[in-house]
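Contents: one structure, followed by commentary.
Laboratory data are not the source of any read-out in this text; all were calculated from the coordinates shown. Bear in mind the structure is a predicted one, so any value in this text is a computation, not a measurement. Neighbour counts are summed over all protein chains in view; Cβ atoms, including those assigned to glycine, are modelled from backbone coordinates with ideal geometry.
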Amino acid sequence: MSAEKGRFYINCPYQEKEEAKALGAKWDAIAKKWYYTHSKDKHKFKKWINIASTDDEEKNNSFKVYKIFKECYKCKKNTSVYTYIKYDDGTEEDVAFPWDKKRLLKSQNIVAHMCDSSIEYYGLKVIGDDEKYDKTMMKRYPNKIKIEYSKVLKRYYPMNLCDFCGAKQGWNYIYRQVNIMIMNMEKIQIDE
């Protein structure tokens with residue numbers, strides 16, 4: 001993102017200009033780019049903020065992408081959901097099958113587990129938890145994963161969209177489903 005004279009430029013495709021405009025973006029006829037003027041509004045324009053990366057960064061940012069199938073809450077059809085699963089212990093390592101439950105429990109959210117013992121609340125990160133991996137996911141799946149607002153979490157983050165109706169498939173479902181599959185020692189499909 002470049003800032004110039006209080007302008008924060010975004011890379012908004014022509015077909016999405018009305019959406020950007022509705023969020024408050026303005027057109028710079030000289031630069032031929034859309035922009036917003038207040039840095040506090042960054043969350044509104046995240047999907048259009050260009051994150052330039054070098055080949056070395058892409059190599060260092062390689063990770064497993066898991067594919068889970070679930071029933072869409074809206075259209076009731078079986079849709080795919082993509083996520084990374086990383087240890088939330090500062091190591092940046094992929095969580096891989098066979099699942100290391102002992103390690104995952106070391107950084108467990110114990111308070112959440114005490115309030116809801118239906119899942120373990122393992123110490124792991126999924127899509128929506130780590131901006132670095134989220135950006136890569138959005139690049140890999142540009143038509144499937146978009147920045148959307150969650151009324152439950154009250155924040156913007158990358159969400160999978162239903163393959164059929166486009167409904168948001170949010171963090172709560174993914175985190176819960178991954179926890180259940182790990183608890184049951186179920187293997188999760190890796191997207192190749």
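Quick rundown of the values:
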| quantity | calculated |
| --- | --- |
| Separation in nanometres of the label points that stand 7 Å from Cα toward Cβ, at LYS151 and GLN15 | 2.8 |
| Candidates LYS47, LYS135, LYS64, ranked by Gaussian network fluctuation over the chain, Cα under 10 Å, top entry | LYS64 |
| Cα-based shape type of the stretch 57-119, given that a ≥ b ≥ c are square roots of the gyration tensor eigenvalues and the cut on a/c is 1.5 | oblate |
| Lys/Arg +1, Asp/Glu -1 at C-beta; the chain dipole; positive extreme among TYR66, ASN172, SER150 | SER150 |
| In Hz, Karplus ³J(HN,Hα) per residue of the stretch 160-170 (6.51, -1.76, 1.60; θ = phi - 60°; x = Gly, Pro) | 6, 10, 4, 4, 10, 10, x, 5, 5, 10, x |
| Descending Cα extents along the principal axes, the chain, whole Å | 57, 40, 35 |
| Per-residue Cβ neighbour rank within 10 angstrom, fewest leading, THR37, THR136 | THR37, THR136 |
| Restraint check, LYS26/LYS125; LYS77/LYS139; LYS21/LYS154; LYS33/LYS76; LYS77/LYS106; LYS74/LYS102, Cα-Cα greater than 32 Å | LYS26/LYS125; LYS33/LYS76; LYS77/LYS106; LYS74/LYS102 |
| Residue with peak Gaussian network fluctuation, the chain [Cα springs, cutoff 10 Å], from ALA20, ALA112, ALA29 | ALA29 |
| Projected-area average for the stretch 77-186 over all orientations - Cα convex hull basis, square nanometres | 7.4 |
| Choice from GLU18, GLU120, GLU148 showing the highest fluctuation, given a GNM over the chain with Cα pairs closer than 10 Å | GLU18 |
